[in-house]
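K.L.:
The structure's right below; bear with me while I get my questions together.
The values are calculated or read from the model by the stated rules, or taken from the named source; none is laboratory data. All values derive from a computational prediction rather than experimental measurement. Quick reminder, even Gly has a Cβ in these numbers, built from the backbone with ideal geometry, and neighbours come from all protein chains shown.
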Amino acid sequence: MKPSVISAPAMLGMLGGGQLGRFFVIAAHELGYKVTVLDPDKNSPAGKIADVHLCANYDDAGALEQMAKTCQAVTTEFENVPAQTLEKLAESVTVRPSAECVAVAQNRVLEKNFIKNAGLPVAPFAVINDVSDLPVDDSALYPAILKVARFGYDGKGQARVKNQAEALQAFKEFKQEVCVLEQMLALDLEVSVVLARDAAGKIASFSTAENSHLNGILDISIAPARCSEVIKANAQELAKKLAAQLNYVGVLGVEFFLVGNQLLVNEIAPRPHNSGHYTIDACITNQFEQQVRVMTGLPLGNSALHSDAVMVNILGDSWFPTSEKNSALEPAWNKALSHANLKLHLYGKHEPRKARKMGHFTVIDKDLKTALNTALVARSELHIGE
Ligand SMILES: Nc1ncnc2c1ncn2[C@@H]1O[C@H](COP(=O)(O)OP(=O)(O)OP(=O)(O)O)[C@@H](O)[C@H]1O
Ligand SMILES: [Mg+2]
């Protein structure tokens, strides 16, 4: 049976009101849909531009009931929405991706085991349920990174540890929450694949992107990635295999580590991904439009790259260019905007804070080197990475 299509101007539901939710609202509006956003923050970037903003907690029974009654389908912009919320909504409305898939992505232990059991390579790791699980000093896992199993993002809830004593201290600092201890790898490169998979199992995948991080936060994404065609194709294959094994319906981000010629899956995101923001300006269909298309049962759009692209994240740090200054200073947008191939996207966040994602820009060009040069100039004009 062909699944029925939810046609515009139907109301769509979005759990979460951050920048990913905001780009979803924009894409949904472009296609003629209305959007209800659930987010407890009255200033949330997506809530501000939604047709309806339910300003309530993610487990608020009344808000969920209204969402289920008024929306034709619901999706999420972050993995930490309570599993019960998705299950509750799924009783009466289409939820994409499924509660099961989100549950895997929101817990590093389930996630790593799922990836490993699916036959895909991951970094060596141990699950730390309590102190006795911490490996002794001569374990091959050290030096390692201790990562809390739940609620970590942008490098939060992670500690680099050299031995058992340091691991113990970090584990205590994380209040002995369940953790994963992962071997620290000498990374040659980080790449990611964002794809959309529909209910019939059809996949439209975006180019493999190359990512670099600063202080645990994504700094720059380059598309296409500057590595061999074999590695790029391998990343595509692994991401598709994972999506199929998850029986995933929606937009999925898959992060990889490259060590030598070996790709390892780092983690997955059950939603559009920061490293896929370049698709807004450089692809025929962007990752947020694909998210709308999958949840409404529309055919997937063409995800081909029409220009090479370099995306740079703009954090709140750009408002505080000198460390002595505590009052926020608006960055010199005009300088960045003087580059004709630069597309600026600010998220409308209420208040700039250090390490907070406030926006990004993407430079597109036929030539990747030219795009990268311009992006690096604009990056320093905005005091990024200082
Ligand atoms: N085992 C490892 N070996 C080397 N570097 C690592 C390892 N694990 C993480 N990193 C580095 O730290 C970054 C953030 O790690 P990870 O993706 O696990 O965290 P996160 O908090 O979920 O981040 P985000 O939400 O931004 O993706 C990675 O992209 C990588 O640069
Ligand atoms: Mg990550």
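K.L.:
Of the conditions (1) more than 15 Å from ligand 1 (Cβ to nearest atom); (2) surrounded by 14 or more Cβ atoms within 10 Å (Cβ to Cβ); (3) assigned to a loop (DSSP other than H, G, I, E, B); (4) not hydroxyl-bearing (S, T, Y), L329 fails just one. Which one is it?
P.N.:
(2)
K.L.:
Given the conditions (1) within 10 Å of ligand 1 (Cβ to nearest atom); (2) buried (at least 19 other Cβ atoms within 10 Å of the Cβ); (3) not small (G, A, S), which single one is not true for R160?
P.N.:
(2) is the only condition that R160 fails.
K.L.:
Identify, from the list S303, S323, S318, the residue that is modelled with pLDDT under 95 and not acidic (D, E).
P.N.:
Exactly one of S303, S323, S318 is modelled with pLDDT under 95 and not acidic (D, E), namely S323.
K.L.:
Name the residue that is farthest from ligand 2 (Cβ to nearest atom), counting only residues in the range 211-239 that are free of Cβ contacts under 8 Å to residues at least 24 places away in the same chain and of a type in the set (S, T, Y).
P.N.:
So the residue we want is S228.
K.L.:
Another question, then. For the range 104-125: of the residues being small (G, A, S) and buried (at least 19 other Cβ atoms within 10 Å of the Cβ), which is nearest to F257 (Cα to Cα)?
P.N.:
Top of the filtered list is A123.
K.L.:
For the range 245-253, does any single residue satisfy the condition of being touching an Asp or Glu at 6+ places or on another chain (Cβ under 7 Å), at pLDDT 95 or above and in a strand (DSSP E or B)?
P.N.:
Here is the first cut: in the range 245-253, the ones touching an Asp or Glu at 6+ places or on another chain (Cβ under 7 Å) are 249.
Right, trim to at pLDDT 95 or above and you get 249.
Now drop any that are not in a strand (DSSP E or B), which leaves none.
No, because not a single residue in the range 245-253 is touching an Asp or Glu at 6+ places or on another chain (Cβ under 7 Å), at pLDDT 95 or above and in a strand (DSSP E or B).
K.L.:
Give me the pairs, please: first residue somewhere in the range 253-278 and under 30 Å from G21 (Cβ atoms), second residue anywhere and near ligand 2 (Cβ under 10 Å from one of its atoms) and assigned to a loop (DSSP other than H, G, I, E, B), beta-carbon distance under 6 Å, and either six or more positions apart or on two chains.
P.N.:
Sorted first by the residue in the range 253-278, then by its partner, the pairs are G253/H273.
K.L.:
If I go through the range 44-79 residue by residue, how many of them are closer than 24 Å to L298 by Cα, at pLDDT 95 or above and not acidic (D, E)?
P.N.:
Count: 14.
K.L.:
A follow-up question, please. Within the range 247-273, how many residues turn out to be under 14 Å from the mean Cα position of the chain (by Cα) and either more than 9 Å from ligand 1 (Cβ to nearest atom) or among the aromatic types (F, W, Y) (or both)?
P.N.:
9
K.L.:
For the structure I just gave you, tell me whether E79 is out of contact with any Ser or Thr (no Cβ under 8 Å at 6 or more places or on another chain), within 24 Å of A149 (Cα to Cα) and either of a type in the set (D, E, K, R) or touching a residue at least 60 places away in the same chain (Cβ under 8 Å) (or both).
P.N.:
So E79 fits the description; yes.
K.L.:
Something else now. Only residues in the range 174-191 that are among the small types (G, A, S) count as the first member; pair them with residues that are within 12 Å of ligand 1 (Cβ to nearest atom), Cβ under 9 angstrom, at least 6 apart or cross-chain, and list the lot.
P.N.:
As it stands, the answer is A186/V259, since those pairs meet every condition given.
K.L.:
All but one of (1) closer than 24 Å to R150 by Cα; (2) at pLDDT 95 or above; (3) surrounded by 22 or more Cβ atoms within 10 Å (Cβ to Cβ); (4) of a type outside the set (F, W, Y) hold for D41, so report the exception by its number.
P.N.:
Single failed check for D41: (3).
K.L.:
Something else now. Please go through the range 112-132 and give me each residue that is touching a helix residue (DSSP H, G or I) at 6+ places or on another chain (Cβ under 8 Å), of a type outside the set (V, I, T) and within 10 Å of ligand 1 (Cβ to nearest atom), ordered by number.
P.N.:
F125
K.L.:
Which one of K112, K48, K42, K34 is within 27 Å of K357 (Cβ to Cβ) and touching a Cys at 6+ places or on another chain (Cβ under 7 Å)?
P.N.:
After ruling out the rest, the residue left standing is K42.
K.L.:
Can you tell me which residue among D133, D59, D137 is surrounded by fewer than 16 Cβ atoms within 10 Å (Cβ to Cβ) and closer than 17 Å to G17 by Cβ?
P.N.:
D59
K.L.:
Output yes when any residue across the range 332-353 is touching a residue at least 60 places away in the same chain (Cβ under 8 Å) and small (G, A, S), and no when none is.
P.N.:
yes
K.L.:
Run down L263, L252 and say which single residue is in contact with a strand residue (DSSP E or B) (Cβ under 8 Å, 6 or more places away or on another chain), over 18 Å from Y153 (Cα atoms) and within 16 Å of ligand 2 (Cβ to nearest atom). Working first, answer last.
P.N.:
On the way: L252 fails: over 18 Å from Y153 (Cα atoms).
Only one candidate passes the filter, namely L263.
K.L.:
Now, a different point. I'd like the full set of residues that are farther than 24 Å from I222 by Cα, surrounded by 21 or more Cβ atoms within 10 Å (Cβ to Cβ) and among the aliphatic types (A, V, I, L, M), limited to the range 293-315.
P.N.:
V294, M295
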